[in-house]
Structure formats: structure tokens, C-alpha cells
Amino acid sequence: MIKLQNVNKYFGDHHVLKDINLEVAEGEKLVIIGPSGSGKSTTVRCMNFLEEPTSGEVYIEGNQLTAKNKLEMVRNSSAMVFQQFNLYPHMTVLGNLTIGPMKLQNKSKKEAEEIAYRYLDIVGLREKATAYPSTLSGGQQQRVAIARSLCSEKKIILFD
Ligand SMILES: Nc1ncnc2c1ncn2[C@@H]1O[C@H](COP(=O)(O)OP(=O)(O)OP(=O)(O)O)[C@@H](O)[C@H]1O
Ligand SMILES: [Mg+2]
């Protein structure tokens, strides 16, 4: 499902990822642990080309990710929960959850809201649907970000 082959990443002369090889099969969950600054986020961000590896290859379902095909491939196959959540501050929780499915998957507002409430129930935040992110606790914001990633109903979810 996801394969990293000999992935290296430099920021300037800082060699952050050193020859990373890993594979995640369908149905498998891979957890990466390590000290702050050791390259966990960078590894995850290389999986959807938010960071382009300096060398090495990334494969999603057998297809190599490239600068050219990344938008289409990543959009079709994966969602991401950002370390800083990256919720849209000017939109309500429901707005945050429905904009992606409506804009990128052409879902109707009604359909997108049904999906949103389904995942808000799962993360226990239905009553916050009309709240703005700034009024939520950190944990609640994190759960909104998780619900937002689930709303895309993608095969791969990357949790930073
Ligand atoms: N855009 C960037 N430009 C320059 N250096 C960067 C950039 N992004 C990350 N780094 C550096 O790469 C190293 C790895 O960062 P990364 O964010 O992957 O760490 P992490 O393991 O996710 O840490 P944390 O546990 O604190 O989230 C750090 O030394 C960081 O300063
Ligand atoms: Mg990180």
C-alpha cells in the first residue's frame, strides 16, 4: 500500500532521513516513535510529497509518486491529520468537515453533512458542529482533525 525505498531527505546540509526503507500493507497500522526532531513528521510528509525526498522512491499502491502526479495520487488515496491540526479558523467544525468532500469529491452539502455527523459521533463531538476551532480545547481540535480526515473516506490516513 505504502512503500518507501532508500528515501533520503536533506534540509540544506542537514541529513534528516537516512536511507529509509519501509512498507505498510493494506489493513496494517504502522507507528513511528522517536525523539523530537528525529524526522517522524518528515517521514510522514514524504509519504504524500508534502516534502519531496532528496533521493529514493515512494510508492502508493504500486505506483511511484512523482512531483507531477502527486496531487492526483495523493488526493485519490490519502488523507492527513497534521501535527498542528491545521483546521480552517474561519469555518465551523461542520464547515471544516464538509469542504473537502464537497469541493474535491463533488458531494452535495446534505451528503457531506451526513458523513460529517457520522464521524463527529465517532469522535464524540456532535454538539460542537457549529463551534469555531478557536473555541475548542486542544484535544477537541485534534479530534475534529481526525474526523475531517475520516470524512474523506480514503484508504490511507497519515497521522502526524
Ligand atoms: N522545512 C524544514 N526546513 C528545515 N529543517 C526542517 C524542516 N522541517 C523539518 N526540519 C528539521 O528536520 C528535523 C526533523 O524534523 P521533524 O519535524 O521531522 O521531526 P519530528 O520527529 O516530527 O519531531 P517532533 O516529535 O518534535 O514532532 C528537525 O531537526 C527539523 O528542524
Ligand atoms: Mg513531528
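No value in this document is a laboratory result; all are computed from the given coordinates. Keep in mind it's a predicted model, so treat the numbers as computed, not measured. Using ideal geometry, Cβ is built from the backbone for each residue, glycine included, and neighbour counts are taken over all protein chains shown.
Tabulated results
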{"item": "Leading residue at positive end of dipole, the chain (Cβ point charges), from 152, 14, 34", "result": "152"}
{"item": "DSSP-loop GluC sites (Glu not before Pro) across the range 8-48, with at most 15 other Cβ within 10 angstrom", "result": "26, 28"}
{"item": "Degrees, to the nearest 10: 138-151 long Cα axis against longest axis of the chain", "result": "80"}
{"item": "Cα-centre dipole for the chain with unit charges at Cβ (Lys and Arg positive, Asp and Glu negative), debye to 20", "result": "400"}
{"item": "Size of charge dipole - the range 107-154 - debye, nearest 20, with Cβ of Lys, Arg +1 and Asp, Glu -1, no other charges", "result": "100"}
{"item": "Stretchable slack from residue 54 to residue 11, in nm (0.36 nm times residue separation minus alpha-carbon distance)", "result": "14.6 nm"}
{"item": "Total charge dipole magnitude, the range 75-154, about the Cα centre, Cβ charges on Lys, Arg, Asp, Glu only, Debye to nearest 20", "result": "160"}
{"item": "In the range 2-68, lysine pairs closer than 19 Å at Cα, eight or more apart or cross-chain", "result": "9"}
{"item": "Selected from 44, 31, 16 as most flexible by GNM, with the chain as the system and alpha-carbon contacts under 10 Å", "result": "31"}
{"item": "Where trypsin sites (Lys or Arg not before Pro) in DSSP loops with at most 10 other Cβ within 10 Å are excluded, longest remaining stretch of the chain", "result": "69-160"}
{"item": "Overall Cα dimensions of the chain - principal axes, largest extent first, Å", "result": "46, 31, 27"}
